[in-house]
Structure formats: structure tokens, C-alpha cells
1. Given the residues 207, 165, 177, which is the only one that is more than 27 Å from residue 20 (Cβ to Cβ), more than 14 Å from the chain's Cα centre (by Cα) and not assigned by TED's automatic domain parsing to the domain that holds residue 267?
2. Might you let me know whether segment 233-256 holds any residue that is buried (at least 20 other Cβ atoms within 10 Å of the Cβ) and within 16 Å of the chain's Cα centre (by Cα)?
3. Does segment 17-54 hold any residues that are buried (at least 17 other Cβ atoms within 10 Å of the Cβ) and at positive phi, and which are they?
4. So which residues in segment 167-180 are in contact with a helix residue (DSSP H, G or I) (Cβ under 8 Å, 6 or more places away or on another chain), surrounded by fewer than 20 Cβ atoms within 10 Å (Cβ to Cβ) and free of Cβ contacts under 8 Å to residues at least 60 places away in the same chain?
């Protein structure tokens, strides 16, 4: 399902002393089944933008088309639940939203809430318990007895269990160790490859390089660039001007003065391949 923003602006606390513009005339279209990363400094509007995808925030101006719905400042909440069945949002530190007595009940809550039968909901819960890398034996345990990383996986499984068409992720791997981070990011990439749209807010440029098809760069509430990772990270002067970091592999390659690269590598695999080409001559 494609996503389109047309002249979308959002104002916090309008007509008050605390009025502040969160988004300013944002325009873009995302293709179906794409993996899109949203990057920018703290306060750039990334999370504000993310919360417009499933109508947590309504635009102050403009129009959003998503999952067959059109959202404007005048849109009511009449079909809100149906929209959120198709467009789901994983907040930062989603483990804080766990509340059921057992792990399996927490994961099954989402499917049950969106109309799946009891049998279907628990079947999906068991499926996604495995997909997020958790053992079956913890299903009957309280989620609050688990480690922080395990709780994160339970919370993410609870959102993915009803298999939304568009999965929005706000720093889902924040605080995870490198191995767990890679596992979760690969899970999201597999979800996209299965035909879903994935939208990721992140500060990690390696995740952008490794997983994203395209990138939205936010700055002070404005969308300042929408392009592929290769294009975004290829303009050194633009990156310096907007203080956007490079992926680790790209930064490392720039320091190898004795090597000549046909294409600037974005990932570690690309870096290794380019070094091999140089060694072979």
C-alpha cells in the first residue's frame, strides 16, 4: 500500500504561547512494499511525522493518503480502528506497554482486538513468538519476569502478530546489543520482502545502509531530501552542511587514501568487495 503526503504541516498547541510547528509543508510518496528510513537530528520532526501514519496526530494542514484512507484536518475518528489494523506503530521502548498476565496473552491481544477468533489469535501469537526468536517455554510466563531484551521482543511480536500492511518503527532496536539488533532488523527486512511496507525512524546510519530502499531526511520539521541511501550518502558537502553522519563502511572507505573505489561502499560487504578488487588490481 502506497503512502502519500501532500503539503502536510502540523502545529503543536496552536493559538497558545506554546505554539510550535512540528511539520512544515511535507510532501512525498512511498512505493508499496518498500523499506523506508526516516533520519534527522533530535527535534527534526521524525517522530512527529511517524505519528501521522496511523492518525495519532492529524495534520494541521494538508492531506495524507495511506492504506486506502485519506486523512485531513477535518477527518473524524470513525474509521480509526480499521486504519490501525492496516497501519501499526511500534514506539521507542515498546516493552513499557506490556500489560497482560502472560507472554502469549500479550502477543495475542492485538489479533483479538482486531477481530481474529480466539483460535486464530493464539495461533498467530505462537507464530510470532518464534519469529522474534523467543523459546516456546516462556509463553506462559509473565512478561515482567523477562529480561529487557526479551520484553522488547514480546512487545514487537504483539504488534506484528496481526500482520499490518504498513509497519512503522520508531527506534525499535534502541538499547539492544549488536546481535539482538541485527536479528530484529533482519526480521523487519524479511517482513518487507514478504510484501509489506516498513517505515523506520533511526539514528543508526548502518541500519539505513543495510536495510533501506529509500530515505527521508528531516530537518526542523521540513523534508530536505528523499532519495536512495546511495544518493543520500554520496554528497559529502551536503552531508557536512546538514551534519548527517555516514555509515561506518563509507566513513572507513573515505580514510583509505591508497585505495580507489568504483562505487563508494555503504555496507561492510560492499567495502570488503571493493578492497578485494583493489588488492587484485
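1. Going through 207, 165, 177 in turn, just one is more than 27 Å from residue 20 (Cβ to Cβ), more than 14 Å from the chain's Cα centre (by Cα) and not assigned by TED's automatic domain parsing to the domain that holds residue 267: 177.
2. For segment 233-256, residues buried (at least 20 other Cβ atoms within 10 Å of the Cβ) and within 16 Å of the chain's Cα centre (by Cα): absent.
3. 33, 40, 45
4. The first filter runs over segment 167-180 and keeps only residues in contact with a helix residue (DSSP H, G or I) (Cβ under 8 Å, 6 or more places away or on another chain), leaving 167-170, 172-173, 175-177, 180.
Narrowing further to those that are surrounded by fewer than 20 Cβ atoms within 10 Å (Cβ to Cβ): 175-177, 180.
Selection gives 176, 177, 180.
Residue-wise test of (1) in the same structural domain as residue 29 (by TED's automatic domain parsing); (2) within 20 Å of residue 36 (Cα to Cα); (3) modelled with pLDDT under 95; (4) in a helix (DSSP H, G or I).
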| site | (1), (2), (3), (4) |
| --- | --- |
| 223 | yes, yes, no, no |
| 226 | yes, yes, no, no |
| 239 | yes, yes, no, yes |
| 257 | no, no, yes, no |
| 265 | no, yes, yes, no |
| 273 | no, no, yes, yes |
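The values are calculated or read from the model by the stated rules, or taken from the named source; none is laboratory data. These numbers were taken from a predicted model, which means no experiment stands behind them. No Cβ is skipped: glycine too gets one built from the backbone with ideal geometry, and neighbour counts run over all protein chains shown.
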